[in-house]
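Participant: Mind having a look at this structure? Questions to follow.
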Amino acid sequence: MRRVILIAVPYLWLLALFLVPFVIVLKISLSDAAISIPPYTPTLDLSAGWQGIRDFLAALDFENFVWLTQDDLYWKAYLSSLWIALASTAMTLLAGYPIAYGMARAPEEWRPTLMMLVILPFWTSFLIRVYSWMGILSQEGVLNQFLLWLGVIDRPLMILNTNTAVYIGIVYTYLPFMILPIYAALDRMDNSLIEAAEDLGCSRLTAFWLVTVPLSKNGIIAGCFLVFIPALGEFVIPSLLGGSRTLMIGKVLWEEFFSNRDWPVASAVAVVLLLILVVPIVLFQRNQERQQEAEK
Amino acid sequence: MQTSSFEPWNDPDARPLIRFRNVTKRFGSFTAIDNLSLDIYEREFFALLGPSGCGKTTMMRMLAGFEDPTEGRIELAGQDIAGIPPNRRAVNMMFQSYALFPHLSVWDNIAFGLRRDRKPKEEVAARVEEMLRLTRLENFAHRKPHQISGGQRQRVALARSLAKAPKLLLLDEPMGALDAKLRQQTQFELMDIQEKTGTTFVIVTHDQEEAMTVASRIAVMDEGRLIQVATPDRIYEEPESVYVADFIGEVNLFEGRVTPEGEGRFRVDWAEGQPPLVAASARSFAPGQACFLAIRPEKVAISAERPADADNAVQGRIHDIAYLGNLSIYHVQLPSGQIVKAQTSNTRRIARRSFTWEDTVWLSWTATAGVLLAD
């Protein structure tokens, strides 16, 4: 009995907070937009009994999904999101790996402080941090002022409201998610493995490639997924830092929902995004499981 | 096993493979190795023995190239090796933790060093197979290190470090992680492999029994200095200092003052109202010099009556008996309060043991059994 309760709690949690909302979104995506409250039809009328349910189901269709394939806005937004998420994941990896490596190599007494510095940004609101990047990157911003003062440039650079700003924002925001799993993997690594590799004829660099990198592989994979998955559906960063030409599916979804008030199309966009995300999430889970296997 | 003729350290023409020349190594203000000179010869199985922190691991790491001496020079086959990185030395090391690459199979672990030399594939494969046969690991070639036992991992580490046929193999506490039974078996395997490959082995250990079993010569170290370098039997039978006598095996120490009696015989006055002890020594001592007489428990005989012809005999009461199955060690308390250990072989059944607790007994030994050491 106790086991049933123990298992039931997480399942109820998942059911109430994941599955039920998903079914609602799925249902809306199969509906039609309407000027009413709520802004879609049909709505389920249980008072009409069995006939009501049948009428309700008959009114659902895949029209909105077909629409997504007809207007090139959507698939372009998906592709562009995928590209931005992939590129910024790669950039986050390039920035995060050396930091994690440096942390793992740092003297023991420094590590808690360095770890603190990585986590510190989480103490303030994400939104405020993105806003402050607007202050840094804008044409009158700190960065441009500094570069002008240095004399490196003679006209302010246009960074804010471009894709560059979106990349900077994503890399900045998700960097800790990349650093922490890689650091965890490197920290566990026995330093005598590197010495053994050198003893057997490796230079420092080959020892790094043949031993350090493969042994931090699971950390790299975990970090990449932790950045890629949220970056794909990212909405705040492109809408605050990106320009009118920055095309990301999160932003499209937001506009369909709030500007167009087309809930069914917005829901269809969300369902497709979810289906796209299922692939990396499943791969991520599998990586985690394999890692746990290996550690047994 | 070493043949009796293998004694290059006694041959003035023999060129040592390794020479430490006045080597000092400091870490900050801590002196790990203190002006140390040592020769190690080819095909030797040389043991560095000492308590933890005595500098034995630092010696090994300097040979491997992970540390450079602060002063002095280290020569390998006549060449100064300072500044040569570990990957360019004809020296391989077997790590205490084994340091097997967890992401590679046993086969790939052994092949790792060979591949770094860009050897042709067939040559690598042949050498790996040879190493697998040598260490009896043929059936485990495709397992990962976490899928094999501790003893097998130890053999993989050995095979990997031998694969490149180094001039010198360094073994850092190679049996530290094995249980007693496996350790004994492995010691003999190690000697076998050393003999088959003809490689010079330098082993670091804090286990004196292990050093005695495997080594052709032992260097006893303390606080960054060599205390004595000699063959196992000489270390045990003829220690040159109280430290070595006490470090290797069990020993009884009588503190006293010597009086030469001629012909290499000395009288040792060691306690008020007790007859002096007699000891033979090739060394010379000044009359009245403070000294220790060291005597091993197995060289002390125990009897109910005073043996008539004994050079030395002291009376005491049995305070404790350590029964080890094959041996019994009697802890005998002398009137002065000192405990002397006497060891006997249990050739008879325990029920027929002659002595028991609180019995008054005589301990006796010959003049040549003990070793006289200056304080």
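Participant: I need the full set of residues from region B:77-105 which are more than 20 Å from A:M189 (Cβ to Cβ) and crowded, with 18+ Cβ neighbours inside 10 Å, in order please. Please lay out each step first, then the result.
Facilitator: Our first condition is that a residue be more than 20 Å from A:M189 (Cβ to Cβ); within region B:77-105, this holds for B:77-85, B:88-92.
Across region B:77-105, the qualifying residues are B:I81, B:R89, B:V91, B:N92.
Participant: Could you check region B:89-123 and list, in sequence order, the residues that are at the interface with another protein chain (Cβ under 8 Å from one of its Cβ atoms) and part of a helix (DSSP H, G or I)?
Facilitator: B:F112, B:G113, B:R116
Participant: Picking from B:F66, B:F20, B:F45, which residue would you name as being surrounded by fewer than 19 Cβ atoms within 10 Å (Cβ to Cβ), within 24 Å of B:H206 (Cα to Cα) and in the same structural domain as B:Q208 (by TED's automatic domain parsing)? Step through it out loud before you land on a result.
Facilitator: Values: B:F20 fails: surrounded by fewer than 19 Cβ atoms within 10 Å (Cβ to Cβ); B:F45 fails: surrounded by fewer than 19 Cβ atoms within 10 Å (Cβ to Cβ).
Being surrounded by fewer than 19 Cβ atoms within 10 Å (Cβ to Cβ), within 24 Å of B:H206 (Cα to Cα) and in the same structural domain as B:Q208 (by TED's automatic domain parsing) holds for just one of B:F66, B:F20, B:F45, which is B:F66.
Participant: Which one of the conditions (1) part of a helix (DSSP H, G or I); (2) within 28 Å of B:A165 (Cα to Cα); (3) at pLDDT 90 or above; (4) not β-branched (V, I, T) does B:A219 fail to meet, given that it meets all the rest?
Facilitator: Among (1) part of a helix (DSSP H, G or I); (2) within 28 Å of B:A165 (Cα to Cα); (3) at pLDDT 90 or above; (4) not β-branched (V, I, T), the lone unmet condition for B:A219 is (1).
Participant: Just to be sure before I move on: is B:A245 under 28 Å from B:T31 (Cβ atoms), part of a helix (DSSP H, G or I) and touching a strand residue (DSSP E or B) at 6+ places or on another chain (Cβ under 8 Å) in the structure I sent? Don't jump to the end; show me each part of the working.
Facilitator: Values: under 28 Å from B:T31 (Cβ atoms): yes; part of a helix (DSSP H, G or I): yes; touching a strand residue (DSSP E or B) at 6+ places or on another chain (Cβ under 8 Å): yes.
In short, yes.
Participant: Can you name every residue in region B:326-347 that is outside any strand (DSSP E or B), surrounded by 10 or more Cβ atoms within 10 Å (Cβ to Cβ) and of a type outside the set (G, A, S)?
Facilitator: Selection gives B:L334, B:P335, B:Q338, B:N346.
Participant: Which one of the conditions (1) within 14 Å of chain B (Cβ to nearest Cβ); (2) without any contact (Cβ under 8 Å) to a residue 12 or more places away in the chain; (3) in contact with a helix residue (DSSP H, G or I) (Cβ under 7 Å, 6 or more places away or on another chain) does A:L205 fail to meet, given that it meets all the rest?
Facilitator: (3)
Participant: Same structure, new question: Return yes when B:A286 is more than 29 Å from the chain's Cα centre (by Cα), among the aliphatic types (A, V, I, L, M) and closer than 14 Å to B:A374 by Cα and no when it is not. Show your work before the answer.
Facilitator: Numbers: more than 29 Å from the chain's Cα centre (by Cα): yes; among the aliphatic types (A, V, I, L, M): yes; closer than 14 Å to B:A374 by Cα: yes.
For B:A286, the condition - more than 29 Å from the chain's Cα centre (by Cα), among the aliphatic types (A, V, I, L, M) and closer than 14 Å to B:A374 by Cα - is met.
Participant: Are any residues in region A:115-161 part of a helix (DSSP H, G or I) and in contact with a Gly (Cβ under 8 Å, 6 or more places away or on another chain), and if so, which ones? Reasoning before the result, please.
Facilitator: Let us first name the residues in region A:115-161 that are part of a helix (DSSP H, G or I), namely A:115-123, A:126-137, A:142-150.
Within region A:115-161, A:V130, A:W133, A:M134, A:G135, A:V142 meet the criteria.
Yes/no matrix, rows are residues, columns are (1) in a strand (DSSP E or B); (2) surrounded by 14 or more Cβ atoms within 10 Å (Cβ to Cβ); (3) not charged (D, E, K, R):
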residue	(1), (2), (3)
B:G249	no, yes, yes
B:G262	no, no, yes
B:V268	yes, yes, yes
B:R283	no, no, no
B:G288	no, no, yes
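Participant: If I go through region A:181-194 residue by residue, how many of them are in a helix (DSSP H, G or I) and touching a helix residue (DSSP H, G or I) at 6+ places or on another chain (Cβ under 7 Å)? Step through it out loud before you land on a result.
Facilitator: Taking region A:181-194 as the starting set, the residues that turn out to be in a helix (DSSP H, G or I) are A:181-188, A:191-194.
Narrowing the set further to residues that are touching a helix residue (DSSP H, G or I) at 6+ places or on another chain (Cβ under 7 Å) leaves A:181-187, A:193-194.
Number of matching residues: 9.
Participant: Of a type in the set (D, E) and surrounded by fewer than 16 Cβ atoms within 10 Å (Cβ to Cβ): is that true of A:D187 in this structure? Let's see the steps before the verdict.
Facilitator: Numbers: of a type in the set (D, E): yes; surrounded by fewer than 16 Cβ atoms within 10 Å (Cβ to Cβ): yes.
Yes.
Participant: For region A:10-59, which residues satisfy the criterion of being under 18 Å from A:D262 (Cα atoms), without any contact (Cβ under 8 Å) to a residue 60 or more places away in the chain and over 28 Å from the mean Cα position of the chain (by Cα)?
Facilitator: Within region A:10-59, A:A34, A:I35, A:S36, A:I37, A:T41, A:P42, A:T43, A:A59 qualify.
Participant: Given the criteria crowded, with 19+ Cβ neighbours inside 10 Å, touching a residue at least 40 places away in the same chain (Cβ under 8 Å) and within 14 Å of another protein chain (Cβ to nearest Cβ), does A:I221 qualify?
Facilitator: Numbers: crowded, with 19+ Cβ neighbours inside 10 Å: yes; touching a residue at least 40 places away in the same chain (Cβ under 8 Å): yes; within 14 Å of another protein chain (Cβ to nearest Cβ): yes.
Yes, satisfied.
Participant: Something else: Please go through region B:134-165 and pick out each residue that is farther than 19 Å from B:P102 by Cβ and surrounded by fewer than 20 Cβ atoms within 10 Å (Cβ to Cβ).
Facilitator: B:L134, B:R136, B:E138, B:N139, B:A165
Participant: Of the numbered conditions (1) touching a residue at least 24 places away in the same chain (Cβ under 8 Å); (2) β-branched (V, I, T); (3) buried (at least 22 other Cβ atoms within 10 Å of the Cβ), B:I235 fails exactly one; give the number of that condition.
Facilitator: (1)
Participant: Would you check if there is a residue in region B:141-152 being facing chain A (nearest Cβ under 8 Å), over 23 Å from B:F66 (Cβ atoms) and either more than 27 Å from the chain's Cα centre (by Cα) or touching a residue at least 60 places away in the same chain (Cβ under 8 Å) (or both)? Reasoning before the result, please.
Facilitator: Going residue by residue through region B:141-152, those that are facing chain A (nearest Cβ under 8 Å) are B:146.
If we keep only those that are over 23 Å from B:F66 (Cβ atoms) too, we end up with B:146.
The next check asks that each one be either more than 27 Å from the chain's Cα centre (by Cα) or touching a residue at least 60 places away in the same chain (Cβ under 8 Å) (or both); those that pass are B:146.
Taking every residue of region B:141-152 in turn, at least one turns out to be facing chain A (nearest Cβ under 8 Å), over 23 Å from B:F66 (Cβ atoms) and either more than 27 Å from the chain's Cα centre (by Cα) or touching a residue at least 60 places away in the same chain (Cβ under 8 Å) (or both).
Participant: A further question on this structure: Does at least one position in region B:274-281 carry a residue that is over 23 Å from B:P260 (Cα atoms) and in contact with a strand residue (DSSP E or B) (Cβ under 6 Å, 6 or more places away or on another chain)? First the steps, then the outcome.
Facilitator: Step one: of region B:274-281, the residues over 23 Å from B:P260 (Cα atoms) are none.
For region B:274-281, residues over 23 Å from B:P260 (Cα atoms) and in contact with a strand residue (DSSP E or B) (Cβ under 6 Å, 6 or more places away or on another chain): absent.
Participant: For region A:252-296, give me each residue that is outside any helix (DSSP H, G or I) and within 14 Å of another protein chain (Cβ to nearest Cβ).
Facilitator: First, the residues of region A:252-296 that are outside any helix (DSSP H, G or I): A:260-262, A:296.
Scanning region A:252-296 gives a single hit, A:K296.
Participant: For B:A308, all conditions in the list (1) crowded, with 19+ Cβ neighbours inside 10 Å; (2) assigned to a loop (DSSP other than H, G, I, E, B); (3) of a type in the set (A, V, I, L, M, F, W, C) hold save one; what is the number of the exception?
Facilitator: Looking at each condition in turn, B:A308 falls short on (1).
Participant: From B:A279, B:A322, B:A369, grab the single residue that is within 32 Å of the chain's Cα centre (by Cα), outside any strand (DSSP E or B) and not basic (K, R).
Facilitator: Details: B:A279 fails: outside any strand (DSSP E or B); B:A322 fails: outside any strand (DSSP E or B).
The conditions single out B:A369.
Participant: So, A:F228, is that one surrounded by fewer than 20 Cβ atoms within 10 Å (Cβ to Cβ), of a type in the set (F, W, Y) and assigned to a helix (DSSP H, G or I) or not? Let's see the steps before the verdict.
Facilitator: Values: surrounded by fewer than 20 Cβ atoms within 10 Å (Cβ to Cβ): no; of a type in the set (F, W, Y): yes; assigned to a helix (DSSP H, G or I): yes.
Against the criterion (surrounded by fewer than 20 Cβ atoms within 10 Å (Cβ to Cβ), of a type in the set (F, W, Y) and assigned to a helix (DSSP H, G or I)), A:F228 does not qualify.
Participant: Another question, if that's okay. Are any of the residues in region B:188-207 closer than 23 Å to B:A32 by Cβ, of a type in the set (G, A, S) and outside any helix (DSSP H, G or I)?
Facilitator: No; the residues of region B:188-207 include none that is closer than 23 Å to B:A32 by Cβ, of a type in the set (G, A, S) and outside any helix (DSSP H, G or I).
The values are calculated or read from the model by the stated rules, or taken from the named source; none is laboratory data. Keep in mind that what you see is a predicted model, and the values were worked out from it rather than measured. With ideal geometry, Cβ positions are generated from the backbone for all residues, glycine too; neighbour counts draw on all protein chains shown.
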